[in-house]
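Take a look at the structure below.
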Amino acid sequence: MPTPLPAPYFVAASSRAAALVGIAPSALEQADFVAAFTGNRLLPGSEPLAAVYSGHQFGVWAGQLGDGRAILLGELDGPEGRMELQLKGAGKTPYSRMGDGRAVLRSSIREFLCSEAMAALGIPTTRALVVTGSHQRVMRENIETAAVVTRMAPSFVRFGSFEHWHYRDKPDELKTLADYVIDGFYPELRDVDNPYKALLAEVTKRTARMIAAWQSVGFMHGVMNTDNMSILGLTLDYGPFGFMEAFDVNHICNHTDQGGRYSYANQVAIGHWNCYALGNALLPLIGTVEAAQEALDVYMPVFEAKLDELLHAKLGLSTYDAGDRALFDSLFTIMQGSHVDFTLLFRRLGDLRVDAPETDAPLRDLFIDRAAFDDWAVRYRARLRRENSVDAERRGAMNRVNPKYVLRNYLAQQAIERAQNGDYGGVRELLAVLEQPFDEQPEHEHYAALPPDWAAHLEVSCSS
Ligand code: AMP
Ligand code: MG
């Protein structure tokens, strides 16, 4: 059961998430709903539960973890199917271990904003319905206050949910869980030859596509432990995530991750590693190592095909050419050389005019090494001419895939600091901006700006 919090208050709600479960967004501000989504009052028909799972943390088997501060309220039917509703931060559960079962306002706002920002970018993710807060104190590095974020997903089952039963040598429970996932979420796999192998292959594919999408917007998850990997291929558990600003392929967004296991570059291979952990857990059901290996082997080809598709769109290319890969690679090389802001670069690339290099300044000026950009631009222009690319059309298409607005750490930080002072307007405004990431929003131009100097020292850790 959730543990109530004193005097809960409303912070922010997502009207888009609310639409998925047929709740009127305005209702979420009402006292009854605030109480319900803080865990102070049960919704009718709700039978709360916390789920057990285990997992590999930073590559090491960590044993039993489980929903230490997440409590499932139940399921709601909506226009796009059934959604599970889960409170995060609603008090201790049987799996809280040494934890307090709570989440702080800072981390709840970060999870809320990023879930909805990722959804608006078209990246598979769990959703966030509402954030509520309380003055109750919570100890982290500093004293902070408690908050609850209500998350939604068709399922919160994780790779670690399977690892749990496998490592406990409980084949019946493992099969029950696998059958539940197949019947509920992969029904098309029920009648194939080896449904468990097919499940592994399908999850591996979804994971590969999800990570290609992360790479394409510069998103870094920060804690890709197997207990944070969704069996539906959704981005799950937003902690020390980050969006790439000054491009560095080895950037580590999580201060706690000193070895860089989950750096921008490494998260691709780690996604595959995590699928191996899932494959290992499913092995008793799949039957042979060869079959599991076959399912896992789809990862890199699917990842590369998806990233290739996304990069073609990001560069406004509508045809495929054998040299495109080299063109993309050399773009990333010069981005690395000049530590160019990831989001600004791709957005401004849309303004490039094939026959007017003299108008390149806003783009060119992002590079310390202007000559490197000029060389690359010659190749890019030649490539665009080969497919008779039309500036205005290409610009429109590129602006539909290269976001202008992403959740930069400093933007989250500013909204959080206002919220910590009792002003939730910043969170709500930022949500509204991030819901239209591809649109020009002249009144919100400042949200697209480079981070200020103070933000260079912002660090995010696992503390949440
Ligand atoms: P995370 O790194 O946030 O994915 O958390 C790893 C594990 O620790 C999960 O099982 C969480 O439920 C648990 N956990 C994290 N923070 C707390 C907390 N404050 N109280 C109880 N459990 C927690
Ligand atoms: Mg987690």
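The values are calculated or read from the model by the stated rules, or taken from the named source; none is laboratory data. Model, not experiment: these values are computed from the prediction. Neighbour counts are summed over all protein chains in view; Cβ atoms, including those assigned to glycine, are modelled from backbone coordinates with ideal geometry. To get the accessible areas, we keep the full protein, side chains included, count just its heavy atoms, and leave off ligands, DNA and RNA. Shrake-Rupley method; radii C 1.70, N 1.55, O 1.52, S 1.80 Å.
Quick one: is ASP257 in contact with a helix residue (DSSP H, G or I) (Cβ under 6 Å, 6 or more places away or on another chain), part of a loop (DSSP other than H, G, I, E, B), within 16 Å of ligand 1 (Cβ to nearest atom) and more than 22 Å from ASN402 (Cα to Cα)?
no
So in region 331-345, with the set limited to residues that are of a type in the set (Val, Ile, Thr) and in a helix (DSSP H, G or I), which one is least open to solvent (accessible area, probe 1.4 Å)?
By that ranking, first place goes to THR343.
Quick one: would you say ARG16 is within 20 Å of the chain's Cα centre (by Cα), more than 16 Å from ligand 1 (Cβ to nearest atom), surrounded by fewer than 21 Cβ atoms within 10 Å (Cβ to Cβ) and of a type in the set (D, E, K, R)?
yes
List every residue pair whose Cβ atoms lie under 9 Å apart, where the two residues are 6 or more positions apart in sequence or sit on different chains, the first residue falls within region 86-111 and is closer than 17 Å to GLU141 by Cα and of a type in the set (Val, Ile, Thr), and the second residue, located anywhere, is within 7 Å of ligand 1 (Cβ to nearest atom) and assigned to a loop (DSSP other than H, G, I, E, B).
Qualifying pairs under 9 Å: VAL104/SER464.
Inspect region 302-324 for any residue being β-branched (Val, Ile, Thr) and surrounded by 15 or more Cβ atoms within 10 Å (Cβ to Cβ) and give the result as yes or no.
Yes: one or more hits.
Determine, yes or no, whether ARG41 is closer than 30 Å to GLY122 by Cα and among the basic types (Lys, Arg).
When the stated conditions are applied, ARG41 does not pass them.
Can you tell me which residue in region 22-35 is most open to solvent (accessible area, probe 1.4 Å), limited to those that are in contact (Cβ under 8 Å) with a residue 12 or more places away in the chain and out of contact with any helix residue (DSSP H, G or I) (no Cβ under 6 Å at 6 or more places or on another chain)?
Across region 22-35, the extreme among qualifying residues is GLU29.
Taking region 228-242, which residues are farther than 16 Å from GLU116 by Cβ, within 14 Å of ligand 1 (Cβ to nearest atom) and either assigned to a strand (DSSP E or B) or among the aromatic types (Phe, Trp, Tyr) (or both)?
MET229, SER230
Within the group THR226, THR256, which residue is within 16 Å of ligand 2 (Cβ to nearest atom), more than 16 Å from the chain's Cα centre (by Cα) and either crowded, with 24+ Cβ neighbours inside 10 Å or at pLDDT below 95 (or both)?
THR256
Take the residues in region 37-63 that are of a type in the set (Ser, Thr, Tyr) and more than 10 Å from ligand 1 (Cβ to nearest atom), then tell me which one is surrounded by the most Cβ atoms within 10 Å (Cβ to Cβ).
Out of the qualifying residues, it is THR38.
ARG348 - would you say it is open to solvent by 30 Å² or more (accessible area, probe 1.4 Å) and touching a Gly at 6+ places or on another chain (Cβ under 8 Å)?
Answer is no for this residue.
It is to be established whether one or more residues within region 425-443 are touching a Phe, Trp or Tyr at 6+ places or on another chain (Cβ under 9 Å) and either hydroxyl-bearing (Ser, Thr, Tyr) or closer than 16 Å to ASP341 by Cα (or both).
No.
From GLU202, GLU163, grab the single residue that is touching a Gly at 6+ places or on another chain (Cβ under 9 Å), within 16 Å of ligand 2 (Cβ to nearest atom) and in a helix (DSSP H, G or I).
Sole residue among the options that is touching a Gly at 6+ places or on another chain (Cβ under 9 Å), within 16 Å of ligand 2 (Cβ to nearest atom) and in a helix (DSSP H, G or I): GLU163.
Which residue pairs have Cβ atoms under 8 Å apart, sit 6 or more places apart or on different chains, and have a first residue in region 453-464 that is in contact (Cβ under 8 Å) with a residue 24 or more places away in the chain and within 12 Å of CYS253 (Cα to Cα) and a second that is within 16 Å of ligand 2 (Cβ to nearest atom) and open to solvent by 60 Å² or more (accessible area, probe 1.4 Å)?
SER461/THR256; CYS462/THR256
Among the candidates LEU407, LEU384, single out the residue that is part of a loop (DSSP other than H, G, I, E, B) and under 27 Å from LEU307 (Cα atoms).
LEU407
Restricting attention to region 78-96, and to residues there that are at pLDDT 95 or above and among the charged types (D, E, K, R), which single residue is farthest from GLY184 (Cα to Cα)?
LYS92
Which residues, counting only those in region 64-91, are near ligand 1 (Cβ under 7 Å from one of its atoms) and either in contact with a strand residue (DSSP E or B) (Cβ under 7 Å, 6 or more places away or on another chain) or closer than 15 Å to PRO4 by Cα (or both)?
Across region 64-91, the qualifying residues are LEU65, ARG69, ALA70.
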